[in-house]
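The structure appears right after this line, and notes come after that.
Taken together, the values in this text are just the output of simple stated rules run on the coordinates, not laboratory data. Since we're looking at a predicted model, the values are computed, not measured. Here the Cβ positions follow ideal geometry from the backbone for every residue, glycine too, while neighbour counts run over all protein chains shown.
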Amino acid sequence: MKVLGIESSCDETGVAVYDTATPGAGGLRAHAVYSQIALHAEYGGVVPELASRDHVRKLLPLVRQTLAEAGLRIDEIDGVAYTAGPGLVGALLVGAGVARALAWALDLPAVGVHHMEGHLLAPLMEDDAPEPPFVALLVSGGHTQLVAVDGIGRYRLLGETLDDAAGEAFDKTAKLMGLPYPGGPQLAAMAGQGVPGRFKFARPMTDRPGLDFSFSGLKTQVLLAWRGSDQSEQTRADIARGFEDAVVDTLAIKCERALEAAGSDVIVVSGGVGANKRLRAKLQDMAARRGGRACFPRPSLCTDNGAMIAFAGALRLQAGQHDDAAVHVVPRWDMASLPPVAVGR
Ligand code: ATP
Ligand code: MG
Ligand code: FE
């Protein structure tokens, strides 16, 4: 089954074709992402109305480009998947409207996908993917969650952030040290030049039981360290390294706890912060020590993309699930309320 996937929940327009006839990485026939970062940079954050309008401009050209790259005509597609939520309502409506119109015109089944289920399942698009049950760490710009995955569509929240998401903490910390929006990836690159241990920050909430996170206090610690420093390039790198080590250690400690609580040795990681090199290495070490493994999507599929939506949608469409023809989006949506997918992949 060849599924066209459309992502437009925030500031990335993503389109992809996933073909279930060739599972694993070979199933991804083509994918393209257009990032609106430059559009929003001067405002220091995403402006919802500008985001919606840019999705309108970019979506159809991106659909044409992706189909051309996949070597497919639009009438060779068997189903359509689009992000129905959570996200910015106007942005979601653009993707849902285009997806619904295509499905109606081509008489195809279409399904609204939960954006975080898309992130969660992205590692399963790669070769040698694990089968549930496993534990998932979702670390993106808006979410930090540990989820017990009992099956596709069967998700139990084990813990989540009480304030900032991990990606948000990276972006805000970068900003207060003068890096342009969104500074997360730049902060991580800078940490690579930093001296480990020169600045030591707390590992929040690791000294008590539980699987919740809190990252907002780290910002304040960084702010105080930055203000009291010489503010040289090397110091900025050293603080970045101290911050990254604190976030990575905290995530790794909680992941190991979650594996113990769930009785699993497989951790699946996704969302933008999943692209972080030090996090990938640390979680791989932790899982290997337990005789298990840590699974990630390739870095380009950690951040928002259409491939994860095509893939998650394909699993549901294949199981016979689809939505009615209404253009319906769900800006706030609990992943635990999703229906299970009974059939295996
Ligand atoms: P959500 O999925 O929760 O709605 P989002 O879609 O905005 O949020 P993603 O696109 O998954 O989030 O990820 C973007 C986030 O990932 C940003 O906060 C960015 O700073 C962070 N990020 C990306 N690359 C890295 C990296 N190498 N190290 C740390 N953080 C990173
Ligand atoms: Mg984004
Ligand atoms: Fe996302």
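Dimensions of region 1-133 along the principal axes, based on C-alpha atoms and rounded to the nearest Å, stand at 43, 37, 23, largest first.
Give me the angle, in degrees from 0 to 90, between the Cα long axis of helix 233-262 and the longest principal axis of the Cα atoms of the chain, rounded to the nearest 10. So the inclination is approximately 60 degrees.
Averaging 1/r over each pair of different alpha-carbon atoms in region 261-326 and inverting the result gives 13.8 Å, the Kirkwood hydrodynamic radius. Restricting attention to the chain, lysine pairs at least eight places apart or on different chains and with alpha-carbon atoms under 15 angstrom apart total 4.
Computed over the chain, the per-residue total of -39500 (n - 2.57) for DSSP H runs of n ≥ 4 gives a 222 nm mean residue ellipticity of -13000 deg cm²/dmol, rounded to 500. Mean separation of Cα pairs under 8 Å and 6+ residues apart, divided by the residue count of the chain: what relative contact order is that in percent? Averaging sequence separation for qualifying contacts and normalising by length gives 25 percent for the chain.
Summarising the strand pairing of region 131-296, around 60 percent of its internal DSSP beta bridges are antiparallel. Need the C-alpha centroid separation for region 187-238 versus region 297-345, integer Å. Spelled out, the Cα-based centre of one part sits 35 Å from the other. Maximal additional length on extending the Ala336-Asp107 stretch stands at 79.4 nm, based on 0.36 nm per residue less the C-alpha distance. The mean of 1/r over all pairs of different alpha-carbon atoms in region 60-108, once inverted, gives a Kirkwood hydrodynamic radius of 11.6 Å.
Ordering Leu187, Ala101, Leu162 by Cα displacement along the dipole of the chain toward the positive end leaves Leu187 in first place; charges were set at the Cβ atoms of Lys, Arg (+1) and Asp, Glu (-1). The simple spin-label model puts a point 7 Å past each Cα toward its Cβ; for Glu49 and Val195 those points are separated by 5.0 nm. Given axes a ≥ b ≥ c from the Cα gyration tensor, I'd like to know whether region 131-296 is rounded (a/c under 1.5), prolate (a/b larger than b/c) or oblate. Prolate. The trypsin sites (Lys or Arg not before Pro) of region 49-93 that DSSP puts in a loop, and whose beta carbon has at most 10 other beta carbons within 10 Å, are Arg73. When +1 charges are put on Lys and Arg Cβ atoms and -1 charges on Asp and Glu Cβ atoms, the dipole computed for the chain relative to its Cα centre reaches about 620 debye.
Test of understanding: in a Gaussian network model of the chain with alpha carbons linked when under 10 Å, which of Ala281, Ala148, Ala191 would top the mean-square fluctuation ranking? Among Ala281, Ala148, Ala191, the largest GNM mean-square fluctuation belongs to Ala281. A Stokes-Einstein calculation at 25 °C with viscosity 0.890 mPa s, built on the Kirkwood radius of the chain over Cα pairs, returns a diffusion coefficient of 120 µm²/s. Each residue, Glu69 and Ala325, gets one label point 7 Å from its Cα in the Cβ direction; the gap between the two is 3.2 nm. If a spin label sat at a point 7 angstrom from the Cα of Glu260 along the line to its beta carbon, the backbone N atoms of region 182-222 nearer than 14 Å would be those of 206-212. Overall, region 71-198 carries a charge dipole of about 540 debye about its Cα centre when +1 sits on the Cβ of Lys and Arg and -1 on the Cβ of Asp and Glu, all other atoms neutral.
Using alpha-carbon positions, what is the distance between the centroids of region 50-121 and region 155-177, in Å? So the two Cα centres are separated by 27 Å. When the inverse distances between all different Cα atoms of region 81-143 are averaged and flipped, the Kirkwood radius reads 13.5 angstrom.
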